[in-house]
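Asks: Have a look at this one before I ask anything.
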Amino acid sequence: MKHILKILVNNHPGVMSHVSGLFTRRSYNIDSIAVGVTQDPEISNMVIVVKGDDSVVEQVKRQLLKLPDVIEVEDLAYHDCISRELVLVVVKVEDSNRTEIISICEVFQAKIADLTKTTMTIEFSGNTRQVEHFLEMMQKYGIQEIARTGQIALKYRST
Amino acid sequence: MPKTEAKISGARLMVELLEEYGVDIVFGYPGGAILPFYDELYKSTKIKHILVRHEQGAIHMAEGYARSTGKLGVCIATSGPGATNLVTGLTDAKLDSVPILAITGQVATNAIGTDAFQEADIYGITIPITKYNALIKSADEIARHFQEATLVALGGRPGPVLLDFPKDVQTELTSVRKADKLKIDPRHYQKPPIGGDLDSFAAALNKAKRPLLYVGGGAINANASKEIKELAEKGNIPVTTTLMGIGAFPGTHQLSVGMLGMHGTAYANKAVLECDYILNLGARFDDRVAKPGEFAENAVRAHIDIDTAEFNKRVSVDYLLHGDLKEVLKALIPKVNKVDRPDWVGFLDTLKKNHPLEFDDSTDTIKPQGFLQKLYEKSKGKAIVSTDVGQHQMWAAQYYLFEEANRWLTSGGLGTMGYGLPAAIGAKFGNPNKTVICVSGDGSIQMNIQELATIAMYKKGVKILIFNNNFLGMVRQWQELFYEERFSESEWNYNPDFVKLGEAYSIKGLRISNKSEIDNALEFFLEDDEARILEVMIPAEEKVFPMIPAGKSQKDMIEFSDTVRAGKK
Ligand SMILES: Cc1ncc(C[n+]2csc(CCOP(=O)(O)OP(=O)(O)O)c2C)c(N)n1
């Protein structure tokens, strides 16, 4: 099962290798990792998506909490968080299918970021499921390159 | 930040902080990138610096010092090769939870990252093997890093920390002598409150008919021997210890069943199979002890530890309590029933009688087991014993009993050959009035044998016992049992003359090979507070039993008597 870990860490160099090193050393597989600074410039928010059953993820959490630079670890369940991933994808286009691709992008509310005679670079953001789905739709036109950011996530607020 | 005080150099500040902290001994080796620090150390009247012959020696000495005194062990190295020589020791200290502060020199900050002469990214290298580490970027940060590092090293589950100290930061002036705010969370050094439900925990223990205490190195770090004895005696609960837990409970106590695990006693391992409740006190269900899914599978399993990451890591437990072991036991003991368990304790007494530690003592050759029994008798309770890694280590664990904690120094987690001699030296510096014995093998001793010079230079009365089987004995044992006697690269065709080698350093020595020589040799070995080398020739085919083959469980234990029956003793 996939887990989304939201990890608050001290924002200074080396912390990233402390955290990611812990994952490689214990051979926990990282699906994606995204880091950015929070409203407090001294603190960064890392979002790490890991696969594993609950007991494995519990181990990961406890090991993370042992790192002096880790302030807080929260396991966000998919249903109670808003998660987003940004993807840039380059697909091949021909005159015959250009409008078709554009209308698919409209449905998905994806943005066309660049266009050449033979390619289209599309920008799409959504949760992982939507991103996967969108990429699947693009598959048949021939994907030439993909860049994905990895997921970021925040918990839903209750008022 | 308080700016009133006069400015001093970073190196001066570091030395003053060490002094204020109460550090009176450090083990190290100088070099270019740490020279400003050494220059300040030269002026210190409070800190004695022990000059070693290899940085690995320095850190193992700091470990031996820390383990035998309960204090912080401090070691110093220069940048690059000096720092990387600490890597094995840091890993060792991490796995065995030893509080170590390593201070390394680093090239000047403007040269960092340029592949400068003697530059190594020791900060990056040691991330996975330290509890805390930092590259100090300015002299104003020294005080904070020092405070954080020492708190973390000794707090919670102890461990090694490293401060990497660039040369220009050592000479930079600062007036910041005290951190106004620590950056790390107090949970990394403060004692945690007791976590978990004491009542249901106690109830499960009270329900047990055949309980067993399984005590690890954490018990020694928590200084919980007194409480463990109280708990064991109140509930008449037999006690087994791990290799790291030796000494946490008196080895001669009637309720002691000795060490468990791969080379534990048969009765300890059988007790694990027979118990209906097992209480882990500061151990980690290490793979030399516990096979997940098969360890004490018929028992209720309970665990008390200061490190929550150890809960359910390898073996799942039914009850757990988080906290400092001493505090938790203090709270738990009043809730534990006073019970006599004549059946269970009697059953284990019978096991002890029927499955003792055994070896064949019928020849004139010296058997290490018998020799260690004699050594134990001659030095009973008084000696601090360090070991290297191999058969000799396991024999010492089996045949030398300890009444007290902090007397047994061995590399348990990492199994570091080369640990024994420097650890013994460090222990002797910390305990000048105690007998300190290093038990080693002809292989292991050669891994840090250069530290004989340190013994000679400081006239330290360390006793060095070398069991010489002209083999990497433990490797040979595995090859004999599991690789059809293909002794690939485990036989030595060449050993130095250890006695003569000792003489080269003015250390007196003796070699014996016949049983009749043991008594005199031990007298010579222990007679006064001088260093001695005793080389004991033993048969190469001697093996350590009982043995649970790697990856197997208590059920698969091979005893000495099994091999006799099979005609291959
Ligand atoms: C640094 C290091 N290298 C290799 C090993 C693997 N190893 C474990 S025991 C052993 C043999 C030890 O031989 P010796 O010191 O002569 O002791 P004996 O087993 O003969 O008592 C070896 C090579 C180790 N533990 N540590």
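The values are calculated or read from the model by the stated rules, or taken from the named source; none is laboratory data. Computed from a predicted structure; not experimentally measured. No Cβ is skipped: glycine too gets one built from the backbone with ideal geometry, and neighbour counts run over all protein chains shown.
Asks: Restricting the search to the range B:209-227, which residues are more than 18 Å from B:R157 (Cα to Cα) and either at pLDDT below 95 or in contact with a Lys or Arg (Cβ under 9 Å, 6 or more places away or on another chain) (or both)?
Replies: B:K209, B:R210, B:P211, B:K226, B:E227
Conditions tested, residue by residue: (1) within 14 Å of chain A (Cβ to nearest Cβ); (2) under 30 Å from B:E559 (Cβ atoms); (3) among the aromatic types (F, W, Y); (4) crowded, with 19+ Cβ neighbours inside 10 Å.
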position: B:D318; (1), (2), (3), (4): no, no, no, no
position: B:P334; (1), (2), (3), (4): no, no, no, no
position: B:D343; (1), (2), (3), (4): no, yes, no, no
position: B:F347; (1), (2), (3), (4): no, yes, yes, no
position: B:N354; (1), (2), (3), (4): no, yes, no, no
position: B:D360; (1), (2), (3), (4): no, yes, no, no
position: B:I366; (1), (2), (3), (4): no, yes, no, yes
position: B:G370; (1), (2), (3), (4): no, yes, no, no
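Asks: Using beta carbons and a limit of 8 Å, which pairs, at least six apart or on different chains, have the first residue in the range A:59-84 and in contact (Cβ under 8 Å) with a residue 60 or more places away in the chain and the second one among the charged types (D, E, K, R) and outside any strand (DSSP E or B)?
Replies: Filtered contacts from the range A:59-84: A:I71/B:D185; A:V73/A:K61; A:D75/A:K61.
Asks: Report yes if some residue within the range B:370-384 is in contact with a helix residue (DSSP H, G or I) (Cβ under 6 Å, 6 or more places away or on another chain), in a strand (DSSP E or B) and either in contact (Cβ under 8 Å) with a residue 24 or more places away in the chain or within 12 Å of the ligand (Cβ to nearest atom) (or both); otherwise report no.
Replies: yes
Asks: For the range B:409-418, which residues satisfy the criterion of being within 9 Å of the ligand (Cβ to nearest atom), crowded, with 24+ Cβ neighbours inside 10 Å and either farther than 20 Å from B:G28 by Cβ or acidic (D, E) (or both)? Step through it out loud before you land on a result.
Replies: Step one: filter the range B:409-418 for residues within 9 Å of the ligand (Cβ to nearest atom), giving B:411, B:414-418.
Checking the rest, the ones that are also crowded, with 24+ Cβ neighbours inside 10 Å come to B:411, B:416, B:418.
Passing the criteria: only B:S411.
Asks: Are any residues in the range B:150-187 free of Cβ contacts under 8 Å to residues at least 40 places away in the same chain and within 19 Å of B:T130 (Cβ to Cβ), and if so, which ones?
Replies: Hits for the range B:150-187 are B:L151, B:V152, B:G155, B:L182, B:K183, B:D185, B:R187.
Asks: Hey, another quick one. Looking at the range B:424-451, which of its residues are of a type in the set (A, V, I, L, M, F, W, C), over 22 Å from B:E523 (Cβ atoms) and away from the ligand (no atom under 16 Å from the Cβ)?
Replies: B:I425, B:A427, B:F429
Asks: Any residue at all in the range B:57-79 that's crowded, with 24+ Cβ neighbours inside 10 Å and among the aromatic types (F, W, Y)? Steps first, please.
Replies: At the first step, the residues of the range B:57-79 found to be crowded, with 24+ Cβ neighbours inside 10 Å are B:57-68, B:73-79.
Going one step further and asking which of them are among the aromatic types (F, W, Y), we end up with B:65.
Yes: the range B:57-79 contains one or more residues that are crowded, with 24+ Cβ neighbours inside 10 Å and among the aromatic types (F, W, Y).
Asks: Taking the range B:453-498 as the region of interest, how many residues are within 16 Å of the ligand (Cβ to nearest atom), assigned to a helix (DSSP H, G or I) and either modelled with pLDDT under 95 or within 26 Å of B:Y400 (Cβ to Cβ) (or both)?
Replies: Qualifying residue count for the region: 10.
Asks: A further question follows. Tally time: how many residues in the range B:296-312 are in contact with a helix residue (DSSP H, G or I) (Cβ under 7 Å, 6 or more places away or on another chain), closer than 16 Å to B:L281 by Cβ and not in a strand (DSSP E or B)?
Replies: Number satisfying all stated conditions: 3.
Asks: In addition: How many residues are more than 21 Å from B:K191 (Cα to Cα) and free of Cβ contacts under 8 Å to residues at least 24 places away in the same chain if we restrict to the range B:302-315?
Replies: So the answer is 1.
Asks: Further question: Give just the number: which of (1) within 14 Å of another protein chain (Cβ to nearest Cβ); (2) in contact with a helix residue (DSSP H, G or I) (Cβ under 9 Å, 6 or more places away or on another chain); (3) outside any helix (DSSP H, G or I) does B:K94 not satisfy?
Replies: So the condition that B:K94 fails would be (3).
Asks: Return yes when B:L421 is away from the ligand (no atom under 15 Å from the Cβ) and closer than 16 Å to B:I59 by Cα and no when it is not.
Replies: So B:L421 does not fit the description; no.
Asks: For the range A:48-144, which fully contained helices (runs of 4 or more DSSP H) count at least 3 residues that are within 14 Å of chain B (Cβ to nearest Cβ)?
Replies: A:54-65
Asks: Also, I was wondering about something else. When the range B:105-126 is examined, which residues are found to be buried (at least 22 other Cβ atoms within 10 Å of the Cβ), within 13 Å of another protein chain (Cβ to nearest Cβ) and either among the aliphatic types (A, V, I, L, M) or assigned to a helix (DSSP H, G or I) (or both)?
Replies: Scanning the range B:105-126 gives B:I122, B:Y123.
Asks: In this structure, is B:V339 in contact with a strand residue (DSSP E or B) (Cβ under 6 Å, 6 or more places away or on another chain), in contact (Cβ under 8 Å) with a residue 12 or more places away in the chain and either under 23 Å from A:K66 (Cβ atoms) or part of a loop (DSSP other than H, G, I, E, B) (or both)?
Replies: Against the criterion (in contact with a strand residue (DSSP E or B) (Cβ under 6 Å, 6 or more places away or on another chain), in contact (Cβ under 8 Å) with a residue 12 or more places away in the chain and either under 23 Å from A:K66 (Cβ atoms) or part of a loop (DSSP other than H, G, I, E, B) (or both)), B:V339 does not qualify.
Asks: Can you tell me which residue in the range B:127-139 is surrounded by the fewest Cβ atoms within 10 Å (Cβ to Cβ), limited to those that are part of a loop (DSSP other than H, G, I, E, B) and away from chain A (no Cβ under 12 Å)?
Replies: Looking at residues that are part of a loop (DSSP other than H, G, I, E, B) and away from chain A (no Cβ under 12 Å), I get B:S138.
Asks: What do you reckon, is B:G89 touching a residue at least 12 places away in the same chain (Cβ under 8 Å), touching a Lys or Arg at 6+ places or on another chain (Cβ under 9 Å) and part of a helix (DSSP H, G or I)? Explain how you work it out, then say what you get.
Replies: Values: touching a residue at least 12 places away in the same chain (Cβ under 8 Å): yes; touching a Lys or Arg at 6+ places or on another chain (Cβ under 9 Å): no; part of a helix (DSSP H, G or I): yes.
Spelling it out, it is not the case that B:G89 is touching a residue at least 12 places away in the same chain (Cβ under 8 Å), touching a Lys or Arg at 6+ places or on another chain (Cβ under 9 Å) and part of a helix (DSSP H, G or I).
Asks: Then there's this: Within the range B:306-313, is there a residue that is buried (at least 18 other Cβ atoms within 10 Å of the Cβ), within 13 Å of chain A (Cβ to nearest Cβ) and of a type in the set (F, W, Y)?
Replies: Among the residues of the range B:306-313, at least one is buried (at least 18 other Cβ atoms within 10 Å of the Cβ), within 13 Å of chain A (Cβ to nearest Cβ) and of a type in the set (F, W, Y), which makes the answer yes.
Asks: May I pose another question? Which of the residues spanning the range B:541-569 are crowded, with 17+ Cβ neighbours inside 10 Å and either touching a Phe, Trp or Tyr at 6+ places or on another chain (Cβ under 6 Å) or in a loop (DSSP other than H, G, I, E, B) (or both)?
Replies: Correct list: B:E542, B:K543, B:V544, B:F545, B:P546, B:I548, B:S553, B:M557, B:E559, B:F560.
Asks: Name the residues in the range B:392-408 that are within 16 Å of the ligand (Cβ to nearest atom) and either surrounded by 24 or more Cβ atoms within 10 Å (Cβ to Cβ) or in a strand (DSSP E or B) (or both), would you?
Replies: Matches in the range B:392-408: B:H392, B:Q393, B:M394, B:W395, B:A396, B:A397.
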